[in-house]
Amino acid sequence: MAFLLSGCATAPAPEEAPGELFADHLFGPSTATLTEAEIFGLTPAMKAYVKEVQRHRRGREIRRALFEALYQRDGLQLEYDSALTRTAAQAFAARQGNCLSLVIMTAALASEMNIPVVFQDMPVDDAWSRSGDLYFNSGHVNLKLGRILRESVSSYDSATYMVVDFQPPPDRRPVEGNPISRQTVVAMFMNNRAAEALARDRFDEAYWWSRHAIVADPSLLYAYNTLAVVYRRHGNPAMAERTLRWALDREPKSTMVLNNLAQLLDAEGRKAEATVLRERLARLQPVTPFYYFNLGRTAMAMGDWQRARQLFERELQRDPDYHEFHAWLAAALRQLGDHRRADQHIKRAMATSTTRTDHALYAAKLDRLRAHAAQTPSQ
């Protein structure tokens, strides 16, 4: 059974957080206590770093000095790592973070320098990842650094800005995003933390993070989907259904909500209702995320390496940059004796992996693959 979640994304105009969707009594006390100030807060080391950048700007515009200090090779040496959504302070200390963490850290440092910041939700094709039976749809956020016109932080030249993007489009062409508020970024942070807690089966923590996300920005409909998955995984199907229907009323074309609601109704034995939703879903999304990938894994389990190869290649046509598709295709190719192509796809899995753990795993697999190929007589 798969449950669909989402990361960075936005939704329609804000409204009041619906209290009828919360069920605090079903969960333990909250341990999710980070405030906006704590998410964006600077440590003494970060403040010292800001002063160092200002001291060594050498006549450069201040935002250019910050950008180069952070992201050039002789700077902080930041790494992209999607394993955890970090606060600004945590990302700075670790020198790594996912796109949202690095955006938050950069914004915090820029604000300390009185550089105007504009957050943007970027229009991107759906990019999916998974953790066990949870499937994540990750949106994308970047930020713009404004050029200060006067000492007032609220006064900047909107026509002249610098875009900071940790996952720029492959063709590098500039794409205009949708401006979002700092409060929406806070809600995204909390929603990410909820999804990460869910992936570890920490349901109390996941509930409070998703609840806080909704309170922070009631317009972030993906947070309601996350809350519904928490209820479902925690064994509260009635609350899950109420939350999903609330979200679907406000976003009728959400394939994620439709899919999760159809799964819930199926599990409840309400097949006719589920079928109606699946027909509606099929019109919006003819092929669900990971469809060919899951068929490929089934073929692998049955020892049908050729069919598995074909299915993994088909999934890669939909998303050529997801590491796990390359890794499984490499496994099928190895079984077929095509060690050269298996080597290529394991290297591609390493290149597209988003955590140090995955990168190390694929590096070890590549070593084993090459050792095996060296021991195999040429045909």
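Taking amide H positions as modeled 1.01 Å from N, with prolines and chain starts lacking one, the residues under 5 Å from residue 180 and 5 or more places away or on another chain are 119, 120, 121. Close amide H contacts of residue 96 (hydrogens built in the peptide plane, cut-off under 5 Å, sequence separation of 5 or more or a different chain): 79.
How would 92, 119 line up from fewest to most surrounding beta-carbon atoms within 10 angstrom?
If I rank by nearby Cβ atoms, fewest first, I get 119, 92.
Under the combined filter of DSSP loop state and at most 16 neighbouring Cβ atoms within 10 Å, segment 239-287 retains these trypsin sites (Lys or Arg not before Pro): 253, 270. Could you tell me which of rounded, prolate or oblate describes segment 215-284, using a ≥ b ≥ c as the square roots of the eigenvalues of the alpha-carbon gyration tensor, with rounded for a/c under 1.5 and, failing that, prolate when a/b is larger than b/c and oblate otherwise? Oblate is the answer for segment 215-284, as a/c is 1.5 or above yet b/c matches or exceeds a/b. Classification of segment 80-123 by its C-alpha gyration tensor yields an oblate form. The axis ratio a/c (a ≥ b ≥ c) is 1.5 or more, and b/c is at least a/b. Fewest-first ordering of 209, 328 by other beta carbons within 10 Å of each residue's beta carbon gives 328, 209. State whether segment 186-343 is rounded, prolate or oblate according to the following rule on the C-alpha gyration tensor (a ≥ b ≥ c being the square roots of its eigenvalues): a/c under 1.5 gives rounded; otherwise a/b larger than b/c gives prolate, and the remaining case gives oblate. Prolate shape, in that a/c is at least 1.5 and a/b is the bigger ratio.
Each reported figure results from applying straightforward, stated rules to the coordinates on display, with no laboratory input. Small disclaimer: the values here were computed from a predicted structure and weren't measured. Neighbour counts run over all protein chains shown; Cβ positions are idealised from the backbone, glycine included.
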